[in-house]
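The values are calculated or read from the model by the stated rules, or taken from the named source; none is laboratory data. Here the structure is a predicted model, which means the values were calculated and not measured. Glycine also receives a Cβ, built like all others from the backbone with ideal geometry; neighbour counts cover every protein chain displayed.
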There are 4 protein chains.
Amino acid sequence: MTSKTMKAAVFVERDRIELREKPIPEIGPDDALVRVTTTTICGSDIHIRKGEYAVAPGLTIGHEPVGIIEKLDSAVKGYKEGDRVLCSAVTPGGYSSACLCGMHSYDGGDNQHGWQIAGGWRLGNTIDGAQAEFFVVPHAQANLAIVPNQLTDEEVLMVPDMMSTGFSGAESGKVGIGDIVAIFAQGPVGLCATAGARLSGAAKVIAVDGLPNRLATAKLMGADHVVDFTKVDPVEEIMKITSGRGVDVSVEAMGSQATFENGLKVLRPAGTLSSVGIYPQDKDLTIPIKTFGQGVGGFKIVSTTCPGGKERMRQLMEVIAAGRVDLKPLVTHRFKLDDIEEAYDLFASQRDGVMKVAITV
Amino acid sequence: MTSKTMKAAVFVERDRIELREKPIPEIGPDDALVRVTTTTICGSDIHIRKGEYAVAPGLTIGHEPVGIIEKLDSAVKGYKEGDRVLCSAVTPGGYSSACLCGMHSYDGGDNQHGWQIAGGWRLGNTIDGAQAEFFVVPHAQANLAIVPNQLTDEEVLMVPDMMSTGFSGAESGKVGIGDIVAIFAQGPVGLCATAGARLSGAAKVIAVDGLPNRLATAKLMGADHVVDFTKVDPVEEIMKITSGRGVDVSVEAMGSQATFENGLKVLRPAGTLSSVGIYPQDKDLTIPIKTFGQGVGGFKIVSTTCPGGKERMRQLMEVIAAGRVDLKPLVTHRFKLDDIEEAYDLFASQRDGVMKVAITV
Amino acid sequence: MTSKTMKAAVFVERDRIELREKPIPEIGPDDALVRVTTTTICGSDIHIRKGEYAVAPGLTIGHEPVGIIEKLDSAVKGYKEGDRVLCSAVTPGGYSSACLCGMHSYDGGDNQHGWQIAGGWRLGNTIDGAQAEFFVVPHAQANLAIVPNQLTDEEVLMVPDMMSTGFSGAESGKVGIGDIVAIFAQGPVGLCATAGARLSGAAKVIAVDGLPNRLATAKLMGADHVVDFTKVDPVEEIMKITSGRGVDVSVEAMGSQATFENGLKVLRPAGTLSSVGIYPQDKDLTIPIKTFGQGVGGFKIVSTTCPGGKERMRQLMEVIAAGRVDLKPLVTHRFKLDDIEEAYDLFASQRDGVMKVAITV
Amino acid sequence: MTSKTMKAAVFVERDRIELREKPIPEIGPDDALVRVTTTTICGSDIHIRKGEYAVAPGLTIGHEPVGIIEKLDSAVKGYKEGDRVLCSAVTPGGYSSACLCGMHSYDGGDNQHGWQIAGGWRLGNTIDGAQAEFFVVPHAQANLAIVPNQLTDEEVLMVPDMMSTGFSGAESGKVGIGDIVAIFAQGPVGLCATAGARLSGAAKVIAVDGLPNRLATAKLMGADHVVDFTKVDPVEEIMKITSGRGVDVSVEAMGSQATFENGLKVLRPAGTLSSVGIYPQDKDLTIPIKTFGQGVGGFKIVSTTCPGGKERMRQLMEVIAAGRVDLKPLVTHRFKLDDIEEAYDLFASQRDGVMKVAITV
């Protein structure tokens, strides 16, 4: 197999991700080689492309794969070649201090202290990723999740990152039965946060965005109210919707000062802002001090990264299989791997109402 | 009793708190009249004096009383006149939505939504306070806490605010057995946070301040390491103490950008900053975005106000009675109520190593 | 008003609850007098009738009211006569130690220690209840919950007890997104637990009962699978449904050894049995020791009583108003207050597929 | 090395554990070979010896080792041969569903569902254990914990099981600052639970046992009150100590009906019984139904097994290194490995006030 090659979307240099020929990778101990059937492009891939997030030139990009096990290390039990699987964007090893504390997203791997910011994100970041014909799943025993037969690739394509991240926005905010929740920004992660808030029992789910198609999708995901910030002041509008009370939990799903600040402003005292957005590195974040009650308002700000591992993936797929949520509407465009550069252009430009693209191989 | 008067420390106008004669107050339904035996001055009283925190002119100041029940409304059960009691700075009613959610510090009283920032803080804020010969405990049934016989007034003087607030710094940060904790600022609240972290099982308690006497007291309160920020960079020093790992929880007990920021910088990924300081109202708070991992670091920022109510007070007094902590070292100066203006001058100037003053009546 | 009388369902002696004339009650401080429009009969009322649960002869029974405020003590703010309201079966005062710990169901009232088993249940237990033309809401400020205009009496009739208790089965079990949950017994509380598990994000909800109409209603409440224990062994069947894995959480909603035991048997290691049933007082409960892993299985058994207070009621009504759940199917029969003895006969006999009866006044 | 042999305590048959010659084991992938310097005997080893807990004949017993790394698989990073280490009785792999849920004690390894009762307990149970000159640490990357230089073997000998298990009794009971806690049975695990309750901030720690030397040691571990059940009724005595209120948390550290039942009887309403004892397999456990409030008392029963993994071990050793607790008093007798059969006889008979034995190699 060493002589064989495959196509892969490779980061070449700033503004250049290209489809190139690379050798099909070998597997090491505890690894699985997966033949990709469907994958997608993430906002963070666009950051990589723009040079805003540094990865090694030559790296294969992508961390949201669905595919078929092509080859398994003999140490990996409970799977067989030919199984249809996916793995999360975050592929924890399970043995670092962070993992042993149940915080797999901050998996420090072999580092001395065992904790690392976004340390669990390996695919398309620190090792070759999944926008390719084949890729290697590290720590396969902890990360391979069987896709139920009745679900199509596209039905589970949001599971590895968008759904896991977005749902964690609601979960980390501890949304419970009867809560009022506002979700700021209705991109793919925000839409999943909207669905997650609804699934957690929120009695009132308020979705904020400025694009009509996103607000329409937000309703499909379970929003009771949608607020178009291009037409009304979202803070005023949410205070009106809640009769001046404010919300129990707000979710920031954008990564901007405006949404962060509005998320705080609509909270009732002692409310929680759950942040899942990624903020630009060149601008510090400001907490408006009066909104924050000068420290005595009892507010909480919690931030979360995509939870990974096979058990998380299994649970999310069960949620879809049970018909609790349908995330297919998030896939607005479809491409072949051969056309992935075109897909990148579309996705980067956010033209044509694109939310997520499905890349089939 | 209507013709009788008493002495009370009254906010007159900016920079003027004066001891004046006022009528001894009448009690209404659910109230208790308490004859104060010992009280103290809080940093927030200084904010009031400076005009930085607005209260009604003529209001009696003070929210940290120990005293004797002088008179009880007939509806209040389980107490009798002559009982030695204290009540918290926060005196919740128990019936607002916030209270019914277990969040008594944000007690909205009769307001429509039932939540209010610092709404549980009534004494010396929205009603007459305790720097007087007598004061009225509102919602007495929820707030009167019997002082165990074996404890002196001074031994429990920190209970109503400093201890309850400082301990909540450790509690809200969910400090557990084996954690590494840093506490920024060792004023009375910070010292109590240090004691609270130690009592919660932290294996390493690191106290930061710039005054030698406060650092010495921090050691008495249970700090394993003290860091003098006038001599070393506290972030570097804490990273050295923790071999580069960082702390699980940091407590901000000052209310300043510098301590807030340092509190974040020393956290391990997914660590918690627990904030109990009160920040100046004229300056927004900045989260350094790289320290925050651009949102993917898994950090939590939680803020808490003094928990109140008789059960909290009972528990804290049991902690003292059991000899778990001795907070008497926080009382550095003693005054008679007649000399309270002098006490204010000393406390406001932070001269002579003052930490807390005991005012006896 | 002292000369006026009303009709009330009164416990006379064992096996006799009768409709009698009683004086319309006076209100005391903090009270509200409510004119009942709709109420219902609870399983615990049947226990009272059978003499299995002791109350004072002459007591008016009932704790699940919807009605109109007739008269308000002047101390109660934020309501006015004529408001349509309900209150919970549990009417906490808010000032006991239990309430101050956020555990309002165990409200000890004025007792020395502040905790009491089922202490929050006053109506139709320790004070006159709501199966009458009028009743008094104690601690009205903490307990009056406005019914949204768009909801009918019958739509909210399950809120005061069945919904609050049943939902707490899911909540205390900490059901989260993706969990597998089994609910044992589909009486009114069990059906609400089924709805609560579904609303909490469970990916698989399995309802167990022996009556076809209850299993059919369970499907309406959100059960994915129903198990008829008269036809199959429920433990075997649930293990089959979960491919041998077991469930994350099971809810006991009956109060019997069989359902308790089966609830334990279907748990995966470290799973939680959440118990909301009331067990007969003459038979101890047995934990099968092998099922329990001899103590090393990591299992949890948590028990909960109806959470009360106006905020809980508000949240549950918001859940209904938002269309998240429709509990009207639980009301199978309707009676006038004049015919309440007949309603008792029907409900006690569990004839004609009765689940809950609506009693209109 | 294949020709070399070592001494090991081997289960031969019921009532026979003998010191035998066995080959020094080979290491596989992810393994470490450790040369044992100190180990000890556990109550569960006695169950094995008596045939009450089945293991394969020929198995080396023991799961509480301190030693020196002799050989490391090349995949294991961050350690070197010669490092002094220990590992827990529970050695999780980190990749099963249970581990990925943060529940490492129930590690299902490769089993289909990923959960298993006591599945994390491998040493001396499903693989050769540590009462030998050498043993293999499975999943070494997740389980090797460096012993700080300043601590002797004996100072950390309780860490792998007694301390981790006993402390979890307090932790799972969620003991917090100001709580009142009773610990039933003061064997090694109970004594550690006593220390753990004290370290968690309990204001009143009540230790129950029937042996004077254990009660004396309980005081060293932090008990404020000791109750000798041979002299007084422990339930009555605890109610007296708590002025009739009862305790917030009780810990069962024996595994018997009597202690379980008493643990429930002394709880205040809505209190928690935390069980860490191992119950005999031939007798079901009974919950006295009136004590349990017939299900409406809000009680919780939580059970926990020894938490394992290197991070847990690190934290516990930091607690000892910081001087928070000294567990050396639990070691009452010392033996050479050559005399381990004699140690078994002593420990099994519970003669001479034995609590734990140190076995040096």
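Points to keep in mind about this one:
- Condition met for residue A:176 (small (Gly, Ala, Ser), surrounded by fewer than 24 Cβ atoms within 10 Å (Cβ to Cβ) and either under 16 Å from the mean Cα position of the chain (by Cα) or modelled with pLDDT under 95 (or both)): no
- Exclusive hit being in the same structural domain as residue A:147 (by TED's automatic domain parsing), out of contact with any Gly (no Cβ under 7 Å at 6 or more places or on another chain), surrounded by fewer than 21 Cβ atoms within 10 Å (Cβ to Cβ) and free of Cβ contacts under 8 Å to residues at least 24 places away in the same chain, set A:81, A:18: A:81
- Checking D:69, D:17 one by one, the residue that is under 29 Å from residue A:91 (Cβ atoms) and more than 14 Å from chain A (Cβ to nearest Cβ) is D:69 and no other.
- For residue A:219, the criteria (1) within 14 Å of chain C (Cβ to nearest Cβ); (2) within 27 Å of residue C:312 (Cβ to Cβ); (3) not in a loop (DSSP other than H, G, I, E, B) hold in every case but one, which is (2).
- You will find that of A:175, A:181, the residue that is among the aliphatic types (A, V, I, L, M), touching a residue at least 40 places away in the same chain (Cβ under 8 Å), out of contact with any His (no Cβ under 9 Å at 6 or more places or on another chain) and farther than 15 Å from residue A:259 by Cα is A:175 and no other.
- The residues of segment A:173-214 that are within 20 Å of residue A:255 (Cβ to Cβ), in a strand (DSSP E or B) and of a type outside the set (Gly, Ala, Ser), listed by number, are A:181, A:183, A:184, A:206, A:208, A:209.
- Residue list for segment A:253-272, filter: closer than 13 Å to residue A:183 by Cα, within 12 Å of chain B (Cβ to nearest Cβ) and among the hydrophobic types (A, V, I, L, M, F, W, C): A:253, A:254, A:260, A:264, A:267
- Matching residues, segment C:102-120, being within 8 Å of chain B (Cβ to nearest Cβ) and within 20 Å of the chain's Cα centre (by Cα): C:102, C:104
- Filter result for the condition that a residue is at pLDDT 95 or above and within 20 Å of residue C:293 (Cβ to Cβ), over D:113, D:139, D:104: D:104
- Matching entry among A:98, A:170, A:140, A:132 (being more than 14 Å from chain D (Cβ to nearest Cβ) and more than 18 Å from the chain's Cα centre (by Cα)): A:132
- Considering D:357, D:331, D:325, the condition of being among the aliphatic types (A, V, I, L, M), within 14 Å of chain B (Cβ to nearest Cβ) and touching a residue at least 24 places away in the same chain (Cβ under 8 Å) is satisfied by D:325 alone.
- Filter result for residue B:156 (in contact (Cβ under 8 Å) with a residue 60 or more places away in the chain, within 23 Å of residue B:304 (Cα to Cα) and either within 14 Å of chain C (Cβ to nearest Cβ) or among the acidic types (Asp, Glu) (or both)): no
- Sole exception among (1) in a loop (DSSP other than H, G, I, E, B); (2) more than 14 Å from chain C (Cβ to nearest Cβ) for residue A:338, by number: (1)
- Residue within segment B:128-149 that is out of contact with any helix residue (DSSP H, G or I) (no Cβ under 6 Å at 6 or more places or on another chain), surrounded by 21 or more Cβ atoms within 10 Å (Cβ to Cβ), of a type in the set (S, T, N, Q) and more than 23 Å from residue B:11 (Cβ to Cβ) present: yes
- Qualifying residue in segment C:254-270 (condition: buried (at least 22 other Cβ atoms within 10 Å of the Cβ), acidic (Asp, Glu) and outside any loop (DSSP other than H, G, I, E, B)): no
- Residue that is nearest to residue D:295 (Cα to Cα), among those in segment C:299-313 that are in a strand (DSSP E or B) and either of a type in the set (Gly, Ala, Ser) or touching a residue at least 40 places away in the same chain (Cβ under 8 Å) (or both): C:303
- Test: residue in segment C:284-297 that is surrounded by 24 or more Cβ atoms within 10 Å (Cβ to Cβ), more than 9 Å from chain D (Cβ to nearest Cβ) and either β-branched (Val, Ile, Thr) or in contact (Cβ under 8 Å) with a residue 12 or more places away in the chain (or both): no
- Residues in segment D:314-332 that are part of a loop (DSSP other than H, G, I, E, B), under 17 Å from residue B:200 (Cβ atoms) and of a type in the set (A, V, I, L, M): D:322, D:325.
- Candidates D:250, D:275, D:243 - the one that is of a type in the set (Ser, Thr, Tyr), touching a strand residue (DSSP E or B) at 6+ places or on another chain (Cβ under 6 Å) and facing another protein chain (nearest Cβ under 9 Å): D:275
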